[in-house]
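So the structure is just underneath, and the comments pick up after that.
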Amino acid sequence: MKHLILVRHGKSSWEYSVNDKDRPLLQRGINDGHLVVNAFKQKDVNVDAIFASPANRAMHTCLIFLRQLHFPYNQFEITNELYDFSGDYVLQFVKNLNDSLGTVMIFGHNHAFTHLANVLGNVYIDNVPTSGLVHLTFDTNNWSTLEKGTTINTIFPKHLKQ
């Protein structure tokens with residue numbers, strides 16, 4: 001059994017004149033990241049590996065999760081394949097994961113994550129929102145043979161706000 005947890009980066013700012021990879025999170029993105037990771041912690045899921053896109057907004061969202069999950073910083077990786085908006089490179093990255101990893105969390109971008117949540121999961125999701133988390137399971141022992149799985153959990157900020 002394999003578990004894939006997709007986390008879209010938090011809400012980012014467009015007010016700075018920087019390239020796309022350097023855009024920072026807004027305060028809302030930081031707050032929503034904390035809301036989602038705190039709800040995720042309640043699920044008591046043991047994560048084996050965490051990977052993030054090299055974009056500032058994805059890495060910052062990832063760092064919020066790393067801190068709250070007490071995941072060792074030296075055991076997460078930044079990978080260029082997750083700086084993808086179509087989902088093609090992300091899917092290839094996932095299919096090339098080491099089979100010794102059972103539960104993997106990745107931080108990246110839309111449209112890629114909504115596309116993958118719908119291609120790989122069994123619940124249609126119109127849009128994975130910023131800071132949104134989608135947890136998928138697959139009845140396989142090999143990442144390379146990944147096919148349609150089960151969407152077992154979604155955590156979206158708007159569902160956590162009162």
Review point. For the subset of the stretch 99-122 comprising residues that are over 20 Å from Leu160 (Cα atoms) and among the β-branched types (Val, Ile, Thr), which member is surrounded by the fewest Cβ atoms within 10 Å (Cβ to Cβ)?
Key: Val119
Practice item. Please report, ordered by residue number, the helices (runs of 4 or more DSSP H) entirely within the stretch 45-161 with at least 1 residues that are in contact with a His (Cβ under 6 Å, 6 or more places away or on another chain), within 15 Å of Val7 (Cα to Cα) and touching a residue at least 40 places away in the same chain (Cβ under 8 Å). Key: 56-69
Review point. Counting only residues that are touching an Asp or Glu at 6+ places or on another chain (Cβ under 9 Å) and crowded, with 19+ Cβ neighbours inside 10 Å, which one in the stretch 84-93 is farthest from His135 (Cα to Cα)?
Key: Phe93
Review point. What tally of residues in the stretch 36-78 results from selecting those that are within 17 Å of Lys158 (Cα to Cα) and surrounded by fewer than 18 Cβ atoms within 10 Å (Cβ to Cβ)?
Key: 2
Review point. Can you tell me how many residues in the stretch 1-29 are crowded, with 21+ Cβ neighbours inside 10 Å and in a helix (DSSP H, G or I)?
Key: 1
Review point. Can you tell me which residues in the stretch 30-44 are without any contact (Cβ under 8 Å) to a residue 40 or more places away in the chain and assigned to a loop (DSSP other than H, G, I, E, B)?
Key: Gln42, Asp44
Review point. Which condition number does Val18 fail, the rest of (1) over 24 Å from Asn118 (Cα atoms); (2) in contact with a strand residue (DSSP E or B) (Cβ under 7 Å, 6 or more places away or on another chain) being met?
Key: (2)
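Just so you know, all these numbers are worked out from the coordinates, no wet-lab data involved. Everything numeric here is computed off the predicted structure, so don't read it as measured data. All Cβ positions, glycine included, derive from the backbone under ideal geometry; neighbour counts span all protein chains shown.
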